[in-house]
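A.B. asks: Pasting in a structure now, in structure tokens, and then I'll have a few things to ask.
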Amino acid sequence: MPLKKTNTVLAATFILFILWFGTGYILSPETTAAGFGLPGIPAGDGGGFLVVKGIRDVVMALVLGILLVTGHRRALGWALLVESLAAYGDMTTVLTHHGSVATAFGVHALTATLMVVNGLLLMRETRAAAAAPATLAPQPA
């Protein structure tokens, strides 16, 4: 499969995956939170933080989706690299709060690492275009 098609499929998969999880945190936070990996789930007024995570995920997915749909592939690569930090942050949160090590690495670290790989592949795909010297438009005499 050509690199561009592979990158597109991977990026679209991440977008749908992040959108799905984010929507789950917004619509059914208590149910979705159980899979995050923390030993306890916020209750009462603390449950609002789950919705905040859902909104964060939906916005992250929308940013990636807009870059993919508009063809800004190099920016999409950069965005994937930067947004992978959120997943690494989620992994760190689970580990530092005595959560599930399997979920920390099997979900959050794996997702983040695959986002980095996809981002780097997009950067490789667009390297030639970024390195090409800009041609100046002819100037009127």
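The values are calculated or read from the model by the stated rules, or taken from the named source; none is laboratory data. As the structure is a prediction and not an experimental result, all values here were calculated from the model. Glycine also receives a Cβ, built like all others from the backbone with ideal geometry; neighbour counts cover every protein chain displayed. For the accessible areas, the whole protein counts, side chains as well, though only heavy atoms, and no ligand, DNA or RNA atoms are used. Shrake-Rupley method; radii C 1.70, N 1.55, O 1.52, S 1.80 Å.
A.B. asks: Specify the residue with the greatest mean-square fluctuation among A11, A104, A43, computed from a Gaussian network of the chain linking alpha-carbon atoms under 10 Å apart.
C.D. replies: Comparing A11, A104, A43 in a Gaussian network model of the chain, the most mobile one is A43.
A.B. asks: Also: Roughly how many Å² of E125 are accessible to a 1.4 Å probe, to the nearest 10?
C.D. replies: Counting only protein heavy atoms, E125 exposes about 50 Å² to solvent.
A.B. asks: Would you mind calculating the gained length between H97 and R74 on full extension (0.36 nm times residue separation, minus the Cα-Cα distance), in nm to one decimal?
C.D. replies: 4.7 nm
A.B. asks: In a Gaussian network model over the chain where Cα atoms closer than 10 Å are linked, find which of T111, T92, T70 has the largest mean-square fluctuation.
C.D. replies: T70
A.B. asks: Can you tell me which of V51, V116, V69 moves the most in a GNM of the chain? Springs connect C-alpha atoms under 10 Å apart.
C.D. replies: Among V51, V116, V69, the largest GNM mean-square fluctuation belongs to V69.
A.B. asks: Report the one residue of L76, V63, I41 whose Cα lies farthest in the direction of the positive end of the charge dipole of the chain (charges on C-beta: Lys and Arg +1, Asp and Glu -1; origin at the Cα centre).
C.D. replies: L76
A.B. asks: With a probe of 1.4 Å, find how much accessible area the chain has per residue, and write the answer as a whole number in Å².
C.D. replies: Computed with neighbouring chains in place, this is 59 Å² per residue.
A.B. asks: Let me ask another. Which angle from 0 to 90°, rounded to the nearest 10, does the C-alpha axis of helix 73-96 make with the longest principal axis of the chain?
C.D. replies: For helix 73-96, the angle is close to 20 degrees.
A.B. asks: Can you tell me, using C-alpha contacts under 8 Å and at least 6 residues apart, the relative contact order of the chain as a whole percent?
C.D. replies: Relative contact order, the chain: 28 percent.
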